[in-house]
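Here's the structure, in structure tokens; my notes come after.
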Amino acid sequence: MDEVWFWGLAVLAAALVGMGKGGVPIVGMLSVPVMALVMSPVMAAGMLLPVYVVSDMFGLYAYRHAFDRRVLAIIVPGAVVGIGIGWATASLVPEAAVTLLVGVIGLAFALNLILRRPVGGEPKRPEVAPGLFWGTVTGFTSFVSHAGAPPYQVYTLPLGMPKAVFAGTSTIAFAVINAVKLVPYYALGQLSLSNLKMAAVLAVPAVVAVFAGVRLVKVMPERLFFRLVTWALALISLKLIWDGARGLI
């Protein structure tokens, strides 16, 4: 029974990863918490990272014509720097503190969108300095706590990208981030042969879910899509605040 429960959750987590790579907002962030029901979060993150990478390949294919080059050129270098900082400080920074900080930032931004102006307002130009800053925060938090989406969205949501471009840009950015993370994760011992064998099995439901997610993004009304992004950001941020506070206490 325990094995059935484990594999049921593993398949669900893989499907969430795939749906996220297909462009459905935030759901990929739920994968590690789901697997944390049956293993430690650190083990869950290491096991799922190869699934993320495989799913990324299909997400890249699905959104190969829909992305913003300028946003990627700004956010990705910052994210790589952030991953390097995370690797260098892996033994110094409490994961719970980073998780709490990410949750506070994400919730504050989501509440600002919900309470002060409608989603989809006047688009802003992607500026370099803020993009490099939020890219660095994205890379750092993605490395430390797998919570890169909130700071990433703080920068990208106000840009007013069409939903397909928003989904494609996000997919490509996090594909690069996940590929870069393979090196430090391996060096820190979070990847193993057993992880890769399990990832090969879980890649199947993940890949199917990628294309299900792409289809869902295509049929979803654009205003609803960005409302979903904003509310999902708020809910996930609340969970991160809860997790971080519990970890610090």
Criterion (of a type in the set (V, I, T) and part of a helix (DSSP H, G or I)) met by exactly one of V93, V102: V102
Qualifying residue in the range 25-32 (condition: over 11 Å from the mean Cα position of the chain (by Cα) and of a type outside the set (S, T, N, Q)): no
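Every residue, every condition in (1) more than 14 Å from A200 (Cα to Cα); (2) at pLDDT 85 or above; (3) assigned to a helix (DSSP H, G or I), yes or no:
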| site | (1), (2), (3) |
| --- | --- |
| P33 | yes, no, yes |
| M39 | yes, no, no |
| G46 | no, no, yes |
| S55 | no, yes, yes |
| Y61 | yes, yes, yes |
| R70 | yes, yes, yes |
| I74 | yes, yes, yes |
Conditions (1) out of contact with any Asp or Glu (no Cβ under 6 Å at 6 or more places or on another chain); (2) modelled with pLDDT under 85: number failed by T99: (1)
Residue within the range 40-52 that is over 15 Å from the mean Cα position of the chain (by Cα) and aromatic (F, W, Y) present: no
Set V81, V51: member being within 29 Å of L188 (Cβ to Cβ) and buried (at least 21 other Cβ atoms within 10 Å of the Cβ): V51
Flag for I85 being touching a residue at least 60 places away in the same chain (Cβ under 8 Å) and either within 27 Å of L238 (Cα to Cα) or of a type outside the set (G, A, S) (or both): no
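The values are calculated or read from the model by the stated rules, or taken from the named source; none is laboratory data. Not measured: the values here are computed from a predicted model. A quick note on method: Cβ atoms are made from the backbone with ideal geometry, for glycine too, and the neighbour counts reach across all protein chains shown.
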